[in-house]
Amino acid sequence: MLEIEQNERILKVIHKHWFVLLGDLIFLFVALAAPVVFLVVLSSIPIENAFSFSGTKFFAGGFFFFAWLAIVWMIAWKMWTTYYLDTIIITDKRVFDIDQHGLFSRESGSFRIDRIQNITVHQKGIIQTLLNFGSVQFETAGGNGEDFVAEYIGSPYEVKRLINQMQDGTLDKAQEVLLHSDTIERLGMTESEDSVEKREQREEGRGGKLGEREGL
């Protein structure tokens, strides 16, 4: 489960590019056409001599056809679940990487935006360039195995631009906090200097009054 802080806002949810599904769709198309070929081959084989069952070729073919459709449906559901739940989530504070493996397996990790040191976009070949997708490599501070690559991401340069804007905003906030703390420190020093001057003036005034009294 994704743990979002109370004051944290989700800015963008990124899925893999639709081109990733193209190979899966081709596989599913071939898998759906396979029963038709199987039924054609089955009609030319004297199946009654090979198997003993009470029925016709129509019922036997229908049984295998719907059984195969159930298998293809489960494979298609697994492919779609992996595609849809395998995401990159960008908030105003962190980047979440969610890797979906099958129907019931998931890995997730996160790192703060202010820890990102470099973002590199890789687009290989004419297909990725024309369809505007590629890989985004995040390099974080420390380099203790926390760097990772998000592959087949659509509009990778927009993702990089968004995170850079968030980094600039975070940097501005940090500078504001630093300036604010410096201002408070300076004000405190000024107040302390003013108080010292006022104390010295009071002491001088008291000394003058005592001198006048002694003169009297």
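Values quoted throughout were computed directly from the atomic coordinates according to the rules given, and no laboratory measurement underlies them. Being a predicted model, the structure only gives us computed values, none of them experimental. All Cβ positions, glycine included, derive from the backbone under ideal geometry; neighbour counts span all protein chains shown.
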Residue within region 70-82 that is under 30 Å from GLN6 (Cβ atoms) and surrounded by 13 or more Cβ atoms within 10 Å (Cβ to Cβ) present: yes
Pair list, Cβ under 8 Å, 6 or more apart: region 69-95 residue closer than 20 Å to PRO156 by Cα and free of Cβ contacts under 8 Å to residues at least 24 places away in the same chain, other residue outside any loop (DSSP other than H, G, I, E, B) and of a type in the set (Lys, Arg): LEU85/ARG106
Count of region 122-138 residues which are surrounded by 15 or more Cβ atoms within 10 Å (Cβ to Cβ), assigned to a strand (DSSP E or B) and of a type outside the set (Ser, Thr, Tyr): 5
From LEU22, LEU39, LEU11, residue being assigned to a helix (DSSP H, G or I) and either over 21 Å from ILE75 (Cβ atoms) or touching a helix residue (DSSP H, G or I) at 6+ places or on another chain (Cβ under 6 Å) (or both): LEU39
Residue list for region 96-105, restricted to those being of a type outside the set (Gly, Ala, Ser) and farther than 23 Å from VAL159 by Cα: HIS101, LEU103, PHE104
Restricting region 102-121 to residues that are exposed (fewer than 12 other Cβ atoms within 10 Å of the Cβ) and not small (Gly, Ala, Ser), the residue that is farthest from PHE148 (Cα to Cα): PHE104
